[in-house]
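J.: Sharing a structure here in structure tokens format.
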Amino acid sequence: MPPSKKDATLLFVCGQCGFESRKWLGRCPDCGAWDSLGEERKAAPIRLGRAPAIAQPLSAADEEECVRLVTGIGEMDRVLGGGIVPGSLVLIGGDPGIGKSTLILQLLASLAAKALKVLYVTGEESVRQIRMRAGRLAIADEAIFVSTENCVEAIVDLAGEMRPALLAVDSIQTVYSEEVGSAPGSVTQVREATARLLTLAKSSHLPILLVGHVTKDGAIAGPRVLEHMVDTVLYFEGDRGQVFRILRTVKNRFGSTNEIGVFEMQESGLAGVDNPSALFLAERPVNVPGSVVLPSVEGTRPILVEVQALVSRSSLGTARRTAIGADPQRLALLTAVLEKKMGVTLFDHDIFLNIAGGIRIIEPALDLGVVAALLSSFFEKPIDPATVVCGEVGLAGEIRAVGQMEMRLREAGRLGFTTFLMPESSARQLRGKSGAGMRILAVRSVSELAEHLFRS
Ligand code: TYD
Ligand code: MG
């Protein structure tokens, strides 16, 4: 039914991406999510009382903003680019139960321990529940103030009165503005509440942390609809069955993106992991086909991960292709390259690819690891456990250079690996530099890779 004139403010908004439509649709045409459009009223524009616009020379802008608030949680400071910039809005997204509230509470405690007054606004849990969690984390600090207020106008007033060093709002989906008619959690409400907190942050130099749940349900807006409004977006990810948690920068106006922090969820909260390579390789099977180690670089940090593949004859008409922690499209492409260039028959084989430990690798350097693991599983031949591989694979089966090879080489050497298969140009550059007895082998094509791997 087309909306009547009276209903000109009625809109259907996608809870995943914020796409707006005048009529309801079963599937969002923008992001492709099913059943994600919810009914909302168009928000009245925010009126903030306009001051005359001013312009000033860039050099006159004060640089006070550059003094960051160091949180004291090392992995968190790393992803933020050295701490929280005053007046910035940081969004922490993640699946429910991944550990966002735990991280926030530990961060607040760390600041409180430096005698800073911090304000924790939560609409998710009662003060008693937070007290219980604090007990579990062995946090008992007078300087952490907790409020269960849900109304953003009241939160802004409270923060204005208290003047904390940091405000954390857990979660933005529980906060509403009095001036918007839509239900709490709707795209309109979540955006409106964020806009008000943004004004507060910028006008009073107060850093604000927002927690946003990743949602599957269309009735509640996900954190993605806020990404363009905030300064920094961090995603807390990991497999809930595993203890590792990765804090990943997706956007950062004040630092590099693609930086990651690695945590381990323990009985008494989250602990930063200083040596993630050792952790991700801890349970690696040795001399088993289908497993190979890849020196990956995330942001400025090298991490060795284990790439696992299982290639087995399919009993079904169409073979299965599953990639966990890697891009399924990339797997399809590499499978096609192997069929064409190596003549291996894979169309009637199921292929499962997994990056061990629940970490996700998106860099192209993963290609050579995937190809090596696939070949190893297909031929039932284990790869030498002291060998690492790294490089991008092109459509012609050629191995292409990737960046930061020196860093990868150092990390592999540090963890006791002795052979490194890499693209030819990188090998040429690094041969002189390789200390500590690392054997560097250049590979130009996937067939050369197979020769090197399975020579014996
Ligand atoms: P939580 O921070 O509540 O997740 P979120 O806010 O992202 O929904 O963490 C939930 C999980 O973390 C819960 O399943 C229990 C676990 N956990 C621990 O393993 N150790 C701890 O010390 C704490 C506080 C939680
Ligand atoms: Mg929570």
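J.: Tell me, in nm to one decimal, what length is gained between GLU161 and SER256 on full extension, where the rule is 0.36 nm per residue of separation less the Cα-Cα distance?
T.: Working: separation 95, 0.36 × 95 = 34.20 nm, distance 3.38 nm.
The GLU161-SER256 span can extend by a further 30.8 nm.
J.: Let me ask something additional. Want the number for ARG360 to THR9: 0.36 nm per residue separation, take away the alpha-carbon distance, what's left?
T.: On the way: separation 351, 0.36 × 351 = 126.36 nm, distance 4.14 nm.
Separation in residues times 0.36 nm, less the Cα-Cα distance, equals 122.2 nm.
J.: Run lengths n ≥ 4 of DSSP H only: what is the helix-derived mean residue ellipticity at 222 nm for the chain, with -39500 (n - 2.57) per run over all residues, to the nearest 500? Don't jump to the answer; show the numbers that get you there.
T.: Details: 11 runs with 118 residues, N = 456.
My calculation for the chain gives -8000 deg cm²/dmol from helical runs alone.
J.: Starting from the Cα gyration tensor of the chain, take the square roots of the eigenvalues, sort them a ≥ b ≥ c, and report rounded, prolate or oblate (rounded when a/c is under 1.5, otherwise prolate if a/b is larger than b/c, else oblate). Don't skip to the answer; put the middle values down first.
T.: Details: a/c = 2.19, a/b = 1.64, b/c = 1.34.
Since a/c reaches 1.5 and a/b is larger than b/c, the shape of the chain is classed as prolate.
J.: Still on this model: Report the label-to-label distance for GLN266 and THR199 in nanometres (one decimal), using points 7 Å from each Cα along the Cα→Cβ vector.
T.: 4.4
J.: Hey, another quick one. On a 1.4 Å probe surface of the protein chains, which of TRP34, TRP24 comes out largest in accessible area, and what is the full order? It would help to have the intermediate numbers written out before the result.
T.: Numbers: TRP34 175, TRP24 135 Å².
These residues rank, largest area first, as TRP34, TRP24.
J.: Considering only the chain, what is the antiparallel percent among its DSSP beta bridges, to the nearest 5?
T.: Counting DSSP beta bridges with both partners in the chain, the antiparallel share is about 50 percent.
J.: On the accessible surface of the chain, probed at 1.4 Å, how many percent belong to carbon and sulfur atoms? All intermediate terms of the calculation are to be shown ahead of the outcome.
T.: Details: 11190 of 21400 Å².
Here carbon and sulfur together make up 52 percent of the probe-accessible area.
J.: Whole-Hz Karplus ³J(HN,Hα) for region 373-380, in order, using 6.51 cos²θ - 1.76 cosθ + 1.60 and θ = phi - 60°, x for Gly and Pro?
T.: 5, 4, 5, 4, 6, 4, 7, 6
J.: Please say if region 298-415 is rounded, prolate or oblate, where rounded means a/c under 1.5 for a ≥ b ≥ c the square roots of the C-alpha gyration tensor eigenvalues, and otherwise the choice is prolate for a/b larger than b/c and oblate otherwise?
T.: On the way: a/c = 1.84, a/b = 1.69, b/c = 1.09.
It is prolate, given that a/c is not under 1.5 and a/b is the larger ratio.
J.: Select from SER376, LEU58, ALA396 the residue farthest towards the positive end of the dipole of the chain; place +1 on Cβ of Lys and Arg, -1 on Cβ of Asp and Glu, and compute about the Cα centre.
T.: ALA396
J.: Okay, next question. Calculate, for VAL288 and GLU451, the FRET efficiency according to 1/(1 + (r/R0)^6) with r their C-beta to C-beta distance and R0 22 Å; round to the nearest 0.05.
T.: Details: r = 21 Å, r/R0 = 0.96.
It comes out at approximately 0.55.
J.: Next question, about the same structure. What is the calculated FRET efficiency for SER312 to THR148, with r their C-beta to C-beta distance and R₀ = 60 Å, to the nearest 0.05?
T.: Values: r = 53 Å, r/R0 = 0.88.
Here the calculated transfer efficiency is 0.70.
J.: Roughly how many Å² is the accessible area per residue of the chain, as a whole number, for a 1.4 Å probe? Can you show the working numbers first?
T.: Values: 21400 Å² over 456 residues.
Result: 47 Å² of accessible area for each residue.
J.: Using a 7 Å offset from the Cα along the Cα-to-Cβ direction at both LEU137 and ARG431, what is the distance between the two label points in nm, to one decimal?
T.: 5.3
J.: Can you list the residues, at least 5 places off or on another chain, whose amide H is less than 5 Å from the amide H of ASP95, using H built in the peptide plane?
T.: For ASP95, whose amide H was placed from the backbone, the distant partners under 5 Å are VAL214.
J.: Also: ALA332 to ARG414: FRET efficiency via 1/(1 + (r/R0)^6), r the Cβ-Cβ distance, R0 30 Å, to the nearest 0.05? Please report the intermediate quantities before stating the final value.
T.: Details: r = 34 Å, r/R0 = 1.14.
Calculated value: 0.30.
J.: Something else: If you take the square roots of the eigenvalues of the alpha-carbon gyration tensor of region 68-171 and sort them as a ≥ b ≥ c, do you get rounded (a/c under 1.5), prolate (a/b over b/c) or oblate? Walk me through the numbers before you get to the answer.
T.: Details: a/c = 1.27, a/b = 1.09, b/c = 1.16.
Rounded shape, in that the Cα axes give a/c under 1.5.
J.: For region 120-215, take N as its residue count and report Rg(C-alpha) divided by 2.2 N^0.38 Å. Before the final figure, lay out each step's value.
T.: Numbers: Rg = 13.5 Å, N = 96, 2.2 N^0.38 = 12.5 Å.
Ratio of Rg to 2.2 N^0.38 Å for region 120-215: 1.08.
J.: While we're on this one: Determine the order of PHE236, PHE378 by accessible area, beginning with the largest, at a probe radius of 1.4 Å. Intermediate values should be presented prior to the final figure.
T.: Numbers: PHE236 5, PHE378 55 Å².
Greatest to least solvent exposure: PHE378, PHE236.
J.: Then there's this: How do the peptides 169-178, 314-323 rank, highest first, by the average count of neighbouring beta carbon atoms within 10 Å per residue?
T.: Working: 169-178: 23.1, 314-323: 11.9.
Listed from highest to lowest mean packing, they are 169-178, 314-323.
J.: Identify, among ALA112, LEU80, LEU409, the residue whose Cα sits farthest towards the positive end of the charge dipole of the chain, taking +1 on the Cβ of Lys and Arg and -1 on the Cβ of Asp and Glu, with the dipole about the Cα centre.
T.: Toward the positive end, the furthest listed residue is LEU409.
J.: Treating only the Cβ of Lys, Arg, Asp and Glu as charged (+1, +1, -1, -1), what charge dipole size does region 220-360 show about its Cα centre? Round to the nearest 20 debye.
T.: Numbers: 15 positive and 15 negative charges, 91 e Å.
It comes to approximately 440 debye.
J.: Let me ask something else about it. Sort MET342, MET405 by heavy-atom solvent-accessible area, probe 1.4 angstrom, most to least. Could the numbers behind the result be given before it?
T.: Working: MET342 50, MET405 15 Å².
Descending accessible area places them as MET342, MET405.
J.: Please report the antiparallel percentage of the DSSP beta bridges confined to region 106-263, to the nearest 5. Walk me through the intermediate numbers first.
T.: Working: 10 of 24 bridges.
Bridges in region 106-263 are about 40 percent antiparallel.
J.: Please state the charge dipole magnitude for the chain, taken about the Cα centre, from unit charges on C-beta atoms (+1 on K and R, -1 on D and E), reported in debye and rounded to the nearest 20. Walk me through the numbers before you get to the answer.
T.: Numbers: 49 positive and 52 negative charges, 134 e Å.
Once rounded to the nearest 20, the dipole reads 640 debye.
J.: Just to be sure I understand: of the beta bridges DSSP finds with both ends in region 309-355, what percent are antiparallel, rounded to 5?
T.: The answer is about 55 percent antiparallel.
J.: Please compute the length gained on full extension between LEU441 and ILE54, using 0.36 nm multiplied by the number of residues separating them and subtracting their Cα-Cα distance. Write down the numbers at each step before the final one.
T.: Numbers: separation 387, 0.36 × 387 = 139.32 nm, distance 6.08 nm.
Residue separation times 0.36 nm, minus the Cα-Cα distance, leaves 133.2 nm.
The values are calculated or read from the model by the stated rules, or taken from the named source; none is laboratory data. Predicted model only: the values in this text are computed from it and were never measured. Ideal geometry is used to build each Cβ from the backbone, glycine not excepted, and the neighbour counts take in all protein chains shown. These area figures cover heavy atoms from the full protein model, side chains too; ligands, DNA and RNA do not enter into them. Shrake-Rupley method; radii C 1.70, N 1.55, O 1.52, S 1.80 Å.
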